[in-house]
Amino acid sequence: MNNGPDTDTVGRPPSERRPTDWKAAAVQRRTRRRYAAERRFRLIGLAAVWLSAGFLALLLASMLTQGIGGFRQTRIALPIDLAREHLPVTGDQVRGRGADLALAGAGLENAVDHAATAAYGAEAPDWLSDGAWLVVRDAVKRDPSLLRRPATIDVPVTSAIDIAARRDGPAAAEAVVARLQARGVLSVGWNLGFLTSSDSTDPTRVGIWGALKGSLLTMMVTLLLAFPVGVFAALYLEEYAPRNRWTDIIEVSINNLAAVPSIIFGLLGLAVFLNTMHLPRSAPIVGGLTLALMTMPVIVIAGRNAIKAVPPSIRDAALAVGASPVQVVFDHVLPLALPGILTGTIIGMARALGETAPLLMIGMRAFIAAPPSRLADPATVLPVQIFLWSDQVDRGFVEKTSAAIIVLLVFLLAMNGLAIYLRNRFETRW
Amino acid sequence: MVDHTVKAFDADIGQLRGLISQMGGLAEDAIAQAILALQRPDPVLARKVDADDKAIDAIEREVERLAVRIIALRAPMAVDLREVVAAMKIASVVERIGDYAKNIARRVPMIEGAEGGGHRIEPISILPSMAAMASGMVRQALDAFAARDPDAAVRVVESDKALDDFYDSIFRTLVTYMVENPRTISQVAHLLFVAKNLERIGDHATNVAEMVYFAASGSQMADHHRGGTLSQSAEEQR
Amino acid sequence: MTFPPKIQARDVSVFYGDTRAIDHVSIDVAQDNVVAFIGPSGCGKSTFLRTLNRMNDTVASARVDGQILLDGEDIYAPDMDVVQLRARVGMVFQKPNPFPKSIYENVAYGPRIHGLAAARADLDEMVERSLRRAGLWDEVKDRLDDSGTALSGGQQQRLCIARAIAVDPEVILMDEPCSALDPIATAKIEELIHELKGRYAIVIVTHNMQQAARVSQQTAFFHLGQLVEFAPTSDIFTNPREERTRDYITGRYG
């Protein structure tokens, strides 16, 4: 018992506890230091978040500002009177199938060149893009009356003039542009052809559709292969496999497989699918197989974690009412683990989508001017296309490269959006 | 026996036992002093015994309160439960014993103050040894409770037979005395009641012993031990 | 006892690897009784409970010696179908574990996987009957499509009991069913156990001795994997024969 607050501390036995003085200077100092540490930590964390957000914003901004130009195109107003050219086609021939062939055979390309010469002088045909006459062709197909009356059609200019018109190009081109601008015949419009056409040697005519379709086909093969195999492997390893040395080895191998550099998978694909199995080169099926090899361990690991996260009590509950192990897995464990598995799958797929190296190894770097229509058709994929374009000398490809990157990023964002949607859709709380 | 994990439980049980033994001590004193008051005779001492009985009643209420609290707060089980229940019942029995002592004390003025007062009734001299025997049984029963000793409890029950025999002989002596000294009938009748009270105290000590036996062993005492009490109650009914 | 016991355990030992968790336990569970298993943590009472419907099979290293007979049939015989056994011997767990599905689906799951209901109407009736028996019907009849996990803890546990009795088991094992519940919910479960008694043989593991005293007719005290004492509940709690039992139930367990 204390006699009062003022008892002497000298005679106090050592075991007796002195009440802590929470107002003492040392304690206060410690408190202040603690608060300072808290504040410091918050600031550092915040700075890290802002830094990464800043880098992301910088990346997006630079891609957008550069890439947006890839979707724009300078056009020149071309007065053309096809009636004067006496093209040997009838209005009926330009309707329906065979119109392209009929118009090409009738010398429409020459007619366009004539029109350009007539309008802007002898050099003018060189200013037009190689694809200019195709624009005229499509216009004729839309409106066959153009065959009989004069009209003015906006046609794309060459890459050099395009660059000169929108930024700064070679001096000669700049001069042409200045002249044309003085006449007020240049205009800038959206280049929707970029999304619908395939690779080309002319930057004004290139499109991303071939690579996009190649990517879609490749991803389809990868998903169809890697998802079921990965999920079943994960389910078996988590739910059925006995815990012993062999499963340990398998687990370690899978973890290592997920860390193997992707180029190794490319070499593997080259050796197995092309050289041994003699599958077609550059085909989405081979690309898909190779990327599936790479994606599967990621799905297995994500799947195992998701399955592990399903509370054991749910398994017990199902077993206790007499569910067989398969019923436990498919009625309870899999539905509960699915959001996690899907998230892991999408992450793996996103990685596969952005992969270049292994696809280069299996020959998906060829110049492919037509979009693939079957899995065995030669194709390329978005990142490879970007890689190829970034290598081109023609300055017109610079913008196209950035535009392709935008397409790739949009594709990735769409996949991630799908992942978030699926997760929310299937997520069950317990 | 090992201590409870919850130390306060042991403290509660200890307090309960303390109260019971305190009560037992008071009851023994009351018997002894009542008999002393009778023997001397000493009406002042008799009144004091009468007044002191309130203390025993107070402890009984205290035991009851504590027992209820232990049951509510500690949820005693098995031996603890039996002990708490036994303590509660023992307290009320000891309170009855105190009442008998008080009853004896209250008869002192009637025996002393009646006609022919001062005249010694000889048989009064054997009552103290009967009282000593009865209070000895009470003490032994309570000691058995303190020691959780069922064997000691059995011995208490067995000694009740001797007390009953004692009572029988006093009964005969007093009846003979009444026949021989008709003038003292009212005093001797009171003495008869005193003897009967002492005999009842022995019966109650036996009840306590049976409770102690149950508390300590968990089973009821076998009938053959209680032979004495049974024959006694048969005689009572006669 | 006129009928042979529902469950007869004979000389049962359970090993986890080399560790003996249950040491030669023999016990009979009567058809119309509630039997409580009590004992300190790690005494093996839950392990023993889980051997009664072979839930220990999920633990790879577990091994069971001895015999456990359900209606005279050895449940560890090679030809015993575990799935059917667990339908006959239902189980309720410590933590309420309803499936993250609707209340209706929770109860209907068992009958559905065992093909007990021929038509939707049968299933509806089974669900209602089970929920009524579990004393939950009036509380949930208007929201059978709500998630089972949205119920309160006590309701969840009664839902789990309804789920267990939906497959019409013969025995219900309960592993500390009230340890996660408040006293009112606990009382409701205890009342429910009282009502289920007679229809099912019930074995309940509990840490709460008062609960064992309240709900059971017979109590088994386990200590260090051994069955120390198995006796009528009133005897165990007023006059245990074994010193270890006495020390445990009076709170002297060291």
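Filtering the stretch C:215-242 to residues that are within 9 Å of chain B (Cβ to nearest Cβ) and over 22 Å from the mean Cα position of the chain (by Cα) leaves C:Asp235, C:Thr238, C:Asn239, C:Pro240, C:Arg241.
Answer yes or no: is there a residue in the stretch C:75-85 that is in a loop (DSSP other than H, G, I, E, B), among the charged types (D, E, K, R), away from chain A (no Cβ under 14 Å) and under 20 Å from the mean Cα position of the chain (by Cα). Can you show your working first?
In the first step, residues of the stretch C:75-85 are kept if they are in a loop (DSSP other than H, G, I, E, B); the result is C:75-81.
Subset that is among the charged types (D, E, K, R): C:79, C:81.
Filter once more, keeping what is away from chain A (no Cβ under 14 Å): C:79.
Next, from what is left, pick out any that are under 20 Å from the mean Cα position of the chain (by Cα): none.
No; the residues of the stretch C:75-85 include none that is in a loop (DSSP other than H, G, I, E, B), among the charged types (D, E, K, R), away from chain A (no Cβ under 14 Å) and under 20 Å from the mean Cα position of the chain (by Cα).
So that you can scan it fast, the table gives a plain yes or no per residue for (1) among the polar types (S, T, N, Q); (2) more than 27 Å from C:Tyr16 (Cα to Cα):
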residue: C:Ala187; (1), (2): no, yes
residue: C:Tyr200; (1), (2): no, yes
residue: C:Gln210; (1), (2): yes, yes
residue: C:Arg214; (1), (2): no, yes
residue: C:Gln218; (1), (2): yes, yes
residue: C:Thr245; (1), (2): yes, no
residue: C:Ile249; (1), (2): no, yes
residue: C:Arg252; (1), (2): no, yes
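Looking only at the stretch C:27-72, which residues are more than 16 Å from the chain's Cα centre (by Cα) and in a strand (DSSP E or B)? So that I can check it myself, show each step before the final result.
Filtering the stretch C:27-72 for residues more than 16 Å from the chain's Cα centre (by Cα) gives C:40-43, C:57-67, C:69, C:71-72.
Listed by number, the residues that qualify are C:Ala62, C:Arg63, C:Val64, C:Asp65, C:Gly66, C:Gln67, C:Leu69.
Screening B:Asp52 on (1) in contact with a Phe, Trp or Tyr (Cβ under 8 Å, 6 or more places away or on another chain); (2) farther than 30 Å from B:Asn181 by Cα shows it passes everything except condition (1). For the stretch A:161-280, the helices (runs of 4 or more DSSP H) that sit wholly inside it and include 2 or more residues that are among the polar types (S, T, N, Q) and touching a Gly at 6+ places or on another chain (Cβ under 6 Å) are A:209-235.
Being at positive phi and either in the same structural domain as A:His278 (by TED's automatic domain parsing) or buried (at least 22 other Cβ atoms within 10 Å of the Cβ) (or both) narrows it down to one of A:Gly354, A:Gly396, A:Gly348, A:Gly322, so name that one.
After applying the criteria, what remains is A:Gly322.
Check the stretch A:170-179 and report whether any residue there is within 23 Å of A:Leu78 (Cβ to Cβ), crowded, with 21+ Cβ neighbours inside 10 Å and of a type in the set (Asp, Glu).
Start the filter on the stretch A:170-179 by keeping residues that are within 23 Å of A:Leu78 (Cβ to Cβ), which leaves A:170, A:172-179.
Next, from what is left, pick out any that are crowded, with 21+ Cβ neighbours inside 10 Å: A:176-177.
Applying the additional criterion that residues be of a type in the set (Asp, Glu) yields none.
Checked the stretch A:170-179: no residue is within 23 Å of A:Leu78 (Cβ to Cβ), crowded, with 21+ Cβ neighbours inside 10 Å and of a type in the set (Asp, Glu).
Just one of the listed residues (B:Arg69, B:Arg82) is more than 14 Å from every other protein chain (Cβ to nearest Cβ), in a helix (DSSP H, G or I), over 21 Å from B:Gly98 (Cα atoms) and of a type in the set (D, E, K, R), and it is B:Arg69. Being touching a Ser or Thr at 6+ places or on another chain (Cβ under 8 Å) and part of a helix (DSSP H, G or I) is a property that A:Ile347 lacks. If the condition is being of a type in the set (Ser, Thr, Tyr) and facing chain A (nearest Cβ under 9 Å), then the stretch C:86-115 contributes only C:Tyr109. Looking only at the stretch C:86-119, residues that are of a type in the set (Gly, Ala, Ser) and not in a loop (DSSP other than H, G, I, E, B) come to 5 in all.
Return yes when A:Val407 is closer than 18 Å to A:Met349 by Cβ, crowded, with 21+ Cβ neighbours inside 10 Å and in contact with a Lys or Arg (Cβ under 7 Å, 6 or more places away or on another chain) and no when it is not.
On the way: closer than 18 Å to A:Met349 by Cβ: yes; crowded, with 21+ Cβ neighbours inside 10 Å: yes; in contact with a Lys or Arg (Cβ under 7 Å, 6 or more places away or on another chain): no.
No; evaluated as a whole, the condition is false for this residue.
Just wondering, is there one or more residues in the stretch A:383-391 that are polar (S, T, N, Q) and assigned to a loop (DSSP other than H, G, I, E, B)?
Step one: list which residues in the stretch A:383-391 are polar (S, T, N, Q), which gives A:385, A:390.
Then keep just the ones that are assigned to a loop (DSSP other than H, G, I, E, B); that gives none.
Taking every residue of the stretch A:383-391 in turn, none turns out to be polar (S, T, N, Q) and assigned to a loop (DSSP other than H, G, I, E, B).
Filtering the stretch A:302-335 down to residues that are among the β-branched types (Val, Ile, Thr) and in a loop (DSSP other than H, G, I, E, B), which residue is farthest from the other protein chains (Cβ to nearest Cβ)? Selected residue: A:Val310.
The values are calculated or read from the model by the stated rules, or taken from the named source; none is laboratory data. Everything numeric here is computed off the predicted structure, so don't read it as measured data. In this analysis, Cβ positions are derived from the backbone assuming ideal geometry, glycine residues included, and neighbour counts consider all displayed protein chains.
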